[in-house]
Structure formats: C-alpha cells, structure tokens
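Below you'll find the structure, written out as structure tokens, and then a few comments.
Just so you know, all these numbers are worked out from the coordinates, no wet-lab data involved. Every value quoted in this text rests on a predicted model; they were computed, and no experiment measured them. Ideal geometry is used to build each Cβ from the backbone, glycine not excepted, and the neighbour counts take in all protein chains shown.
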Amino acid sequence: QVPLVESGGGLVQPGGSLRLSCAGFRIFVSTISMGWYWQAPGKQRELVASITSGGSVNYADSVKGRFTISRDNAKNTVYLQMNSLKPEDTAVYYCNTSPPSRAYWGRGTQVTVSS
C-alpha cells in the first residue's frame, strides 16, 4: 500500500468546484506538515497549499482566496477544497509531506478545468 492516495479529481467547468482527498496509510497526517502540489503539462511540480501539524496554512498566490486546505485527523485525510476553478488550474494534483519526501509521491489525481 502506498503511503498517500489522492482522489477526487475530474473534469469541471470554469467557475466550478472540486474537493480533493488525500488518505494516509502508514503515515499519520496529523503529526506532520502536509502539502498539496500540482504539475501542469511541461511544468515543474509546485506547492499549492500546506498545513502544519498545528493547523497553520499557506497558499500559493495564484490560489489564495479560492483553495482551502484542511485535515480530518480521525480519518487520517487531508483535503483541498477548490472553488472558482480556472483553466490554468488544470494539472495533476499530488499530496505529500511539506517539504516533500521522495518516498511519498503517489499517482496523483487529474483536475481538468474546461468548458
């Protein structure tokens, strides 16, 4: 079993919303800083949002006010609520620790924003 499994991606129209989930297996997401990352075609993977074990959050400037990272400790899951989606948000989204660990990269989940 991979340590982190992403889900919730899909095709959505501009202005729409999606919620991504990242379930932890053999890793307790409540005890460490976690992040959501995205990678668009031809671009490097970048940090989108992060949440510390204490609950402090940070966001990339391009998603501030639109995306919200949260965590459910009982479910050992990290979420990314994405609202007001734009075509430029199209990417594969991954979760990992923050900073990331090479051992924890999963398959990601594809988000496509298009009309």
So what's the stretch 1-66 giving for Cα Rg divided by 2.2 N^0.38 Å, two decimals?
1.23
Dipole of the stretch 1-104, positive end: most advanced residue of A91, Q44, N73 [Cβ charges, Cα centre]:
N73
For the chain, give the magnitude of the charge dipole about the Cα centre (Cβ charges: +1 Lys/Arg, -1 Asp/Glu; no others), in debye to the nearest 20.
160 debye
What is the distance in Å between the Cα centroid of the stretch 72-115 and that of the stretch 1-65?
3 Å
Using mean Cβ contacts within 10 Å as the protection proxy, how do 12-18, 104-110 order, highest first?
104-110, 12-18
What is the Cα radius of gyration of the stretch 41-109 over 2.2 N^0.38 Å, N being its residue count?
1.12
Please give the per residue volume of the convex hull enclosing the alpha carbon atoms of the chain, rounded to a whole number of Å³.
93 Å³
